[in-house]
Structures are given as C-alpha cells and as structure tokens.
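Comments concern the structure below.
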Amino acid sequence: MLSVKMSHSKKLFTRFLPSWVLCLVFTLIATYAHSNGFTLKIGVISPKGEGSSSILSGESHEESIKLAFSHLPPLQIGDLQIKLELIPWDDKGNSEKAAEVALHLAYEEQVVAILGPVNSGSTKAVLAKLREQQIDLPVISSLSTAPELTASGSRDKNFFRLIFDDADRMGQYATFIKQEKSKEGEQFFLFLYEDSPYGEGLNQSLKDRFYTPNIVVSSWSNVFQPNCSDSNNQSLVDQDRFSSGACLSEEFKKRLDQSNINNIVLLGDTSGALSIVNELKLAGLATNLDYFFVGSNKRLFDEAPAGSLTIGDPMLDVARAPTTELGNHWRKILDGFEERAKKDRADFIMTAYEAAMVLHSALHIVLNGQSSLPAVTELRSKLLNVLETATFDSLEPWRNISFSQGELDQIPTAPIYRITRGVTREDTLKHHPWIHLSVNSSSPWLETPVEVRLSAYGLESGKLGVFWIDEITSKAYLIEDRIVQFSAGQAVERFNLFKRGRYQFRMLDTPFYPILTETHIESSMTYLISAIAALVGAILVISRQAFTLTDSMIRVLFGIFTGLLLTFLSFYGQQLSSWIPLPSFGNEPIINAMVTGLIGGYLGPHFLVNLVHAWVRRFLITGKSKIPAKL
C-alpha cells in the first residue's frame with residue numbers, strides 16, 4: 001500500500017514538475033524585469049487646441065517627435081532597461097498656458113526634458129517660469145525662431161534651439177529676393193506681418209536686411225475692418241470669414257490703389273496669409289502682384305497663387321539626396337510620417353525629429369556606465385551639461401548638431417520654392433562632403449585588429465583619429481591618427497588596440513556620420529579555451545615520460561605559455577605578410593584557439609625546455625671557461 005502511494009506521489013510530482021519550473025522561471029523573469037526596468041518621462045508642448053493659429057504646426061511637431069521615438073532603439077545601458085514615455089500637452093498657442101504646463105511637467109510628471117514649445121512667445125514664458133522657480137530642465141525647441149532667445153547675455157541656460165533663427169532665414173530670403181527682383185528694375189514691396197511675436201520677428205529681421213528702401217509695412221490687423229477681425233486674437237484670421245471681398249479697410253485699399261506696390265510679402269501663419277490673398281482677389285486688387293510667403297506646408301503649396309515664392313522650414317528633400325542609399329532612408333522616414341499623419345494635413349518637421357534624436361543620444365551619454373538610475377534633478381543637470389558640450393548626429397550626415405550658448409552651430413538650409421501647382425526648388429543645390437564610418441559595436445580582446453570601414457562622399461582623403469574613452473570621467477583621449485586615402489570612395493583601416501575598454505573613431509578634418517562610431521574591446525573565452533587545450537597537450541607530453549614533479553610543473557607552464565603565444569600569433573599573423581609561417585585553423589576563433597593551444601601545449605614543453613636548458617648550459621660552460629686554472 002505504501003509503495004502504491006509513493007508511486008502515485010511520484011507520478012504527481014513528475015506530472016506537475018514542468019509547470020512548477022515554468023512558474024519559477026516566469027517569477028524570476030518578472031522579478032528581474034521589475035528590478036531592472038525604469039521609465040523616464042519626456043514632456044512635449046505643442047499648440048493643438050481650438051483657438052490656436054498654429055494647430056497644424058502643433059500636430060506636425062508632436063507627430064514628428066512620436067515618429068522619431070518609434071524609430072529609435074531601446075535605451076539600454078548595461079543592466080538598465082529604460083523606457084522613454086512621452087507626455088504631450090497642448091498649450092493652445094498661449095504663453096501663460098505654456099508656462100503652466102511646463103510647471104506641471106516639471107513637478108507632477110517629473111520629466112527629464114521638454115521638447116517644445118513651438119511658438120517663441122510660449123518658449124519665452126516657459127523659460128521665465130522655470131527660471132523663477134529655479135528649475136534646471138532642458139527645453140529643446142525645434143521651431144522657436146526668435147533671435148532674442150539666444151542673444152548674447154539674455155540666453156537662458158535651459159534653452160537649446162535646433163533651428164535657425166529669424167535673422168538667419170530672413171537674411172537668406174532677402175538675398176534671394178534681391179537676385180530675383182533686381183533684374184526687373186525698380187520694385188516696391190508691401191510687408192504684411194502677423195500680429196504676434198512670430199510675425200513681428202520675421203518683419204523686423206527681413207526689413208533690417210532688405211536690399212531696397214521701397215518698403216511699406218503694415219500689420220494684418222490694419223488690413224481689415226474692425227468688424228471682420230477677431231478682437232480677442234488679432235493674429236487669428238479665419239479664412240472662411242473673408243469670402244466677400246468687403247472686409248478690407250478703406251485706408252488699406254486706398255494705399256494699395258495709389259501706390260506702385262507690385263510685391264506683397266506675407267510674414268506669418270499660412271492660414272492668415274492665404275486669407276489676405278483670398279480677400280485681395282475677391283476685392284479685385286490682386287492684379288499684377290507677386291507674392292512671397294513663409295512656410296512650406298501642404299496647404300500653402302495647394303492654395304497659394306501659382307508663381308508665388310516661399311521660404312520653408314528645413315526638410316528632407318529626397319530629390320536632392322546625394323546618394324541613393326541616403327535618399328531611400330529619407331523616403332522611408334517620410335513614408336512612415338505620411339502613414340501616421342494621413343488623417344490630417346500635418347507636415348513632417350525635420351528639426352522636431354532631430355530633437356528626439358539629440359535627446360535620446362544625450363540620455364545615452366549621461367547614463368553610460370551607470371549601475372542605477374540617478375535622481376531626476378541630477379539627471380536634468382547632467383543632461384544640460386551634455387547638451388552644451390557634446391556633438392550629435394543629424395538626419396543630414398554632412399551636418400553635425402552641437403550648441404554654443406544654446407544656438408545651433410551648423411544651421412540647416414532653408415529651402416526656397418516656387419509654387420507651380422507642385423513646387424520647384426529655387427535655392428542653389430549645395431554639395432556637402434562627408435564620410436560615413438562603421439565599425440562593429442564590440443570587438444574581442446587580442447583576437448584581431450579593429451576594422452573601421454569608411455565611405456567618402458566628395459572627398460579623396462581625410463584624417464581618422466581613434467580615441468580611448470575614460471569610463472569614469474567620459475573624457476576622450478586621442479591615441480592614434482592617420483591619413484586615409486580613398487579608392488572609389490571606399491577605405492578600410494585596421495587598428496591594433498591592446499587595451500580593453502571603449503574606443504571612438506572620428507574624422508579630424510571633415511564632417512562624418514555617425515558621431516558615436518565606437519567599439520568596446522571586451523574579453524572573450526578564446527584564450528581560456530586555448531589555455532585549457534594547451535594544458536591538455538602538456539599533460540599528454542609529460543604522461544609519456546618520467547619527470548620529477550618540479551620538472552612536470554615547469555613543462556606544463558611552458559606548454560600553456562606556448563599555447564597562448566601561438567594562439568595570439570595565429571590571430572594577428574593573418575594580418576601580416578603571407579611568407580611568415582604562422583598557422584591558422586579556420587575562420588572560427590574558438591576552433592583556432594583550441595587547435596593552436598593544443599599544438600602549443602604539446603610541442604612547447606619539449607621545445608622550450610630544451611631550448612632553455614641549452615642556453616643555460618652554454619652560459620654556464622662559457623662562464624666556466626673564462627675562470628683561470630689554479631696553479
């Protein structure tokens with residue numbers, strides 16, 4: 001009876017054992033994931049709600065950032081598995097609301113950085129509120145173009161701009177308009193600017209750099225009769241309201257009719273600019289006028305008068321990609337955005353995508369080498385330092401992203417288009433040289449030289465440097481540099497790096513991509529396998545002859561040493577001239593280590609010990625022969 005019960009218990013144990021084991025495994029996995037999984041929050045501020053004249057910009061800003069984080073790899077540093085969570089908020093284009101949102105993100109959500117705001121006015125309010133509360137928090141804006149945000153002496157330490165400012169863009173626009181219009185004789189211009197910090201900034205920047213004094217300036221609110229404009233928000237112009245041609249003020253119509261104006265420059269949001277053009281057309285005042293806009297969104301391209309010119313935001317122009325590979329990469333990004341944003345007319349914002357890239361890379365630098373996640377306040381401070389000092393990749397491989405006092409060092413190009421129901425790019429095509437670097441992310445220690453592959457675009461040579469990175473201080477030390485000559489745009493350089501650790505490769509005299517081209521030199525099992533194989537070989541030797549214990553130990557040590565040396569020479573001998581008789585056994589490092597270790601262990605004891613004995617005997621005999629004989 002007892003035997004039957006024990007048999008039954010054994011069957012039950014055997015039956016449920018797999019389930020118990022699985023439960024235990026899943027419990028351990030869940031515990032490990034819980035102990036090593038962390039979440040960092042990132043705030044995103046965009047104007048999206050009703051009442052904002054920048055709804056489209058807000059949606060484009062947020063969707064471009066979300067797309068970037070869907071493409072970026074998981075942030076894993078050592079054992080730290082870090083999830084990045086976006087916390088989007090709508091500031092409705094209102095500066096007070098933006099400041100309120102920023103405090104909520106800083107205190108309640110504990111975000112490590114803010115991407116946005118979109119409008120310069122909102123950005124100023126956010127920075128002022130953070131400064132008032134003495135909060136260190138990176139604010140990375142990809143669309144705030146007011147020059148005063150980074151002006152000398154007034155720049156806030158929290159602010160980083162990933163786009164040109166109004167002065168840069170309007171300077172380029174002024175130069176182009178001069179080239180376009182100066183050949184047509186004397187021209188007269190009407191500048192109409194939006195009643196907002198954005199419109200006022202564009203107007204001032206363009207007027208200061210314009211080539212002719214023949215300018216008349218007016219704000220949008222002065223164009224319309226009071227009963228046709230929104231008294232609560234003069235910058236918000238609803239195109240549906242202007243459908244009769246009767247909303248233009250008499251003073252404006254009189255000025256336009258009596259002047260010699262033949263060019264109108266509309267400085268502000270697309271919706272308002274198109275409203276003015278539509279009203280001029282309905283009022284019969286749009287004859288013989290050329291229009292200049294600011295912006296490059298779908299609506300402007302579809303509705304602006306044919307022949308108009310506009311200066312847009314930075315973009316990925318697949319038609320101008322210098323290589324097919326890069327063009328395909330850009331097309332993949334743009335197609336991914338269209339799939340996400342097809343429900344509306346949002347436009348891909350290149351600088352918003354790059355802002356996500358920069359923040360992701362900065363977090364990687366800050367957390368590298370950390371065994372635990374720092375406190376949020378400490379993480380924010382470290383992020384500010386990294387953003388101020390480090391260099392990051394952009395979507396254009398010839399242009400790196402770095403900041404000087406929050407200002408972008410290498411600004412992207414502002415495209416200029418002629419609208420032809422479809423658009424034609426008018427700004428000059430520039431050829432940008434750069435070098436693409438690639439290297440394996442990890443390399444085994446003492447197995448083979450580190451191979452760096454280089455592809456050059458528009459260059460015949462360049463200086464390549466290799467830096468060793470101090471893991472404690474994160475400082476980079478140049479240990480070697482060399483001139484690389486390219487053949488058909490390609491080159492391969494090999495470096496013998498005998499010290500374990502992290503190494504970065506950088507071009508020292510030309511733009512390169514990606515910025516973080518690095519490898520980790522790590523220990524592997526190959527030399528341990530070689531030592532074990534050499535031990536086996538040495539034991540085989542001493543087992544066939546009678547040796548003293550001391551002699552056996554010496555021969556075993558010599559065997560292991562010979563095996564390791566032969567393995568090392570075998571790995572590196574592949575890089576030397578073919579006449580050097582260094583054996584190599586296949587392409588698998590483990591097999592090669594095992595065979596060379598065994599051969600070294602087997603031949604080493606006899607060969608090396610006899611060689612040492614011969615040297616000792618020769619030395620002793622030579623030494624004795626020099627002693628004079630006693631009389």
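Observations on the model:
- Applying the Karplus relation 6.51 cos²θ - 1.76 cosθ + 1.60 with θ = phi - 60° to region 402-412 yields 3J(HN,Hα) values of 8, 10, 10, 6, x, 8, 5, 6, 10, 7, x Hz, where x marks Gly and Pro.
- Relative contact order %, region 434-522, counting alpha carbon pairs below 8 Å whose residues are six or more apart: 40
- Derived scalar couplings between HN and Hα for region 476-488 equal 9, 10, 6, 10, 6, 9, 8, 7, 10, 9, 9, 10, 6 Hz in order, rounded to whole Hz, by the Karplus curve 6.51 cos²θ - 1.76 cosθ + 1.60 (θ = phi - 60°), x for Gly and Pro.
- The separation of region 188-225 from region 488-542, counted between C-alpha centres, amounts to 61 Å.
- Across the cross-link table entries Lys48/Lys83; Lys178/Lys430; Lys475/Lys499; Lys92/Lys129, which are compared at the Cα atoms, the separations over 22 Å belong to Lys48/Lys83.
- Close amide-amide hydrogen proximity is noted between Leu497 and Val450, each under 5 Å apart and 5 or more residues distant or on a separate chain (H modeled in the peptide plane; Pro and chain starts excluded).
- Under a 5 Å amide H cut-off, with hydrogens placed 1.01 Å from N, Val217 pairs with Phe191 among residues at least 5 apart or on other chains.
We did not get these values from a lab; they are worked out from the coordinates using the rules stated. Note that the structure is a prediction, hence the values are computed from the model and not measured.
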